[in-house]
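Engineer: Pasting a structure here, questions to come.
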Amino acid sequence: MVLIHPPAHKIHARPLPKWRWLPQFFINPLSIYSEQAFQSLYARSSAFGIDTLSVNDPAGIKHVLLDNMSNYRRPVVLARLFRPAMGQGVFLAESDEWRRQRRMLAPLFTPAAINDLIPHFQTAGEQMLSRLSGGGEISLSEVFHRAALDAVLKALFSLKAEGHHADIPVMVRDYLGGAGRPNPMDGMARTESDFGWAMASRQSFSRKWTAMVDSVIAERRAAGGDAAHARGDLLDLLLAARDPQTAEGLSDAEIRDQCSTMLAAGFETTSRMLFWASYLLSLDPAEQDRLCGEIAAFSPDQVTRMEDLAHWPRLRNTLLEALRFYPPAAYITRRAMGDDEVGGHRIRAGTEVWISPFVLHRHKKFWDQPTAFMPDRFAGVNAPWATVEAYLPFGAGPRICIGASFALVEGQFLLAHLLSRFRILATDERPVLPVFRVTTVPDRDPVFSVAVV
Ligand code: HEM
């Protein structure tokens, strides 16, 4: 079997000197790495007066994300970038407040709750196919953005991504490509509100985003839920949510912020996973043929329960391999609140710990043929995101992505629908390289040809 090695950034022979590293970091952090990064377990650096420890050691990662997690919080830069879209929702909450929110949200993401979302994912897949009609030359980024938004809007609010909702991907894309991009002021800021003048465009986005989420919730409340689904949508579950310890519900503002968080965290990441999986399949037509055979043998309309997804092991493994190569969350960062030691490395309060799934997933110590596209490496591995120590597409520890199963089930539905009718072909041979812009995006938006089988 011929192994496919997807295009990758040049790996520098030696670590870049700071005067090259820093500007390149703001252009694309994924292009700064040297051979050493993919072989070492720890690396120290500093920028803007902040010490940073990059950790690839699974024991060190476990220490930071699990064993001593109370000493580590999300850094200021994340709050500056994400607060405008996520408000006081679970992603940016800390300590007891985070624990309370996570407890209340847990019932939304149990296997039974995800199972109930299957009809929504099914409809999102069918609508994606009807929009594609006879295929042709298309931007898969746009197709998946629209379909993933459709899926999350249906799951959250039983609504379609039509009319004014179709503006949501544009809002998100504009934010991620503009005001939401990290800048040197974010590097220098010590609190969320420092350099307030540099936050004006983020605040303006926040006002528009909040008004949009409020109007979607109002629309859904006026329309009522979807009676066809016994447990309703995620909004129904949020309205009914009670803290198991205090029996208190969520206020309207909290419900709005959790919906904002699910929308913001849920559809850009998933649509990127689908884009990269499709790109990989376009590079490997033989694997794509095998996958299409699997889907032809058990078509998407036959899937009615999560267990049915077991008919598509290759599909699952392809998504997992796409998440390995191009983890949408390429960095998981924490700021130490107090002094600590990680793997023998002293950490002072204020140090930032950087865990990069992008680096870890291509690390020579942990992966056989790390640069090859090999979905079969995940064959038979149960929930590798929770069991394989060097595989962290969804993070790790108690703050692991709450939507991991949601994303994978949705992803399998949408890609299966696409491949049940079309083959994905590249229209040119120019490489597509990953760039980190809050999520891992392509450096250009390639046109693909989707041809009816
Ligand atoms: C392929 C798709 C996705 C990827 C790769 C992904 C990745 C991640 C990662 C790496 C984290 C942990 C960040 C950290 O520890 O700093 C995270 C957290 C989170 N994700 Fe996802 N995510 C995806 C889809 C989703 C979906 C579909 C939802 C909701 C519908 C969601 C909601 C969240 C939330 C709320 C958190 C914060 C959890 C907490 O702090 O307790 N994600 N995600």
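Since every read-out is calculated from the coordinates, none of them should be taken as a lab result. What you see is a predicted model; the values in this text were computed from it and never measured. Every residue, glycine among them, receives a Cβ derived from its backbone with ideal geometry; neighbour counts consider all protein chains shown.
Engineer: Within the chain, count lysine pairs with alpha carbon atoms under 27 angstrom apart where the residues are 8 or more positions apart or belong to different chains.
Structural biologist: Taking the Cα cut-off of 27 Å, the pair count is 9.
Engineer: Going from the alpha-carbon gyration tensor of region 228-288, what semi-axes, largest first and in whole Å, does one get by taking the root of 5 times each eigenvalue? Present the calculation step by step, with values, prior to reporting the outcome.
Structural biologist: Details: eigenvalues 277, 38, 19 Å².
With the √(5λ) rule applied to region 228-288, the semi-axes are 37, 14, 10 Å.
Engineer: Whole-Hz Karplus ³J(HN,Hα) for region 421-434, in order, using 6.51 cos²θ - 1.76 cosθ + 1.60 and θ = phi - 60°, x for Gly and Pro?
Structural biologist: Using θ = phi - 60°, the values come out as 10, 10, 9, 9, 10, 6, 9, 8, 9, 5, x, 10, 10, x Hz.
Engineer: Suppose every K and R has +1 on its Cβ and every D and E has -1 on its Cβ; what is the size of the dipole of the chain about the Cα centre, in Debye to the nearest 20?
Structural biologist: That gives a dipole near 1060 debye.
Engineer: Now, a different point. In deg cm²/dmol and to the nearest 500, what is the mean residue ellipticity at 222 nm of the chain if only DSSP H runs of at least 4 residues count, each as -39500 (n - 2.57), divided by the residue total?
Structural biologist: Mean residue ellipticity at 222 nm (helix-derived): -14000 deg cm²/dmol.
Engineer: May I ask you to evaluate 6.51 cos²θ - 1.76 cosθ + 1.60, the Karplus curve with θ = phi - 60°, for each residue of region 284-295 and list the ³J(HN,Hα) values in order in whole Hz, giving x for glycine and proline?
Structural biologist: 10, x, 5, 5, 4, 5, 4, 5, 5, x, 4, 6
Engineer: For region 256-363, which trypsin sites (Lys or Arg not before Pro) pass both filters: DSSP loop (anything but H, G, I, E, B) and at most 13 other C-beta atoms within 10 Å?
Structural biologist: Sparse-neighbourhood loop trypsin sites (Lys or Arg not before Pro): ARG305, ARG348.
Engineer: Pop out the ³J(HN,Hα) list for region 16-27 in order, Karplus 6.51 cos²θ - 1.76 cosθ + 1.60 with θ = phi - 60°, rounded to Hz; leave Gly and Pro as x.
Structural biologist: 3J(HN,Hα) across region 16-27, in whole Hz: 5, x, 4, 5, 9, 5, 5, x, 5, 4, 6, 6.
Engineer: Defining a contact as two alpha carbons under 8 Å apart and six or more residues distant in sequence, what relative contact order in percent does the chain show?
Structural biologist: For the chain, the relative contact order is 27 percent.
Engineer: Let me ask something else. Based on other C-beta atoms within 10 Å, arrange GLU294, GLU35, GLU307 from fewest to most. Before the final figure, lay out the partial values.
Structural biologist: On the way: GLU294 17, GLU35 13, GLU307 10.
In order of increasing Cβ crowding within 10 Å: GLU307, GLU35, GLU294.
Engineer: If you average 1/r across every pair of different Cα atoms in the chain and take the reciprocal, what Kirkwood value do you get, in Å?
Structural biologist: After inverting the mean inverse Cα-Cα distance, the result is 22.7 Å.
Engineer: Taking amide H atoms as placed 1.01 Å from N in the peptide plane, list the residues 5 or more away in sequence, or in a different chain, whose amide H sits under 5 Å from that of ASP51.
Structural biologist: When sequence neighbours closer than 5 places are left aside, the close amide H contacts are GLU352.
Engineer: Run the numbers on region 325-453 and let me know its relative contact order in percent, using alpha-carbon pairs under 8 Å that are six or more apart.
Structural biologist: 22 percent
Engineer: Additional query: Quote the relative contact order of region 43-144 in percent (integer), defining contacts as alpha-carbon pairs under 8 Å separated by 6+ residues.
Structural biologist: Relative contact order comes out at 10 percent.
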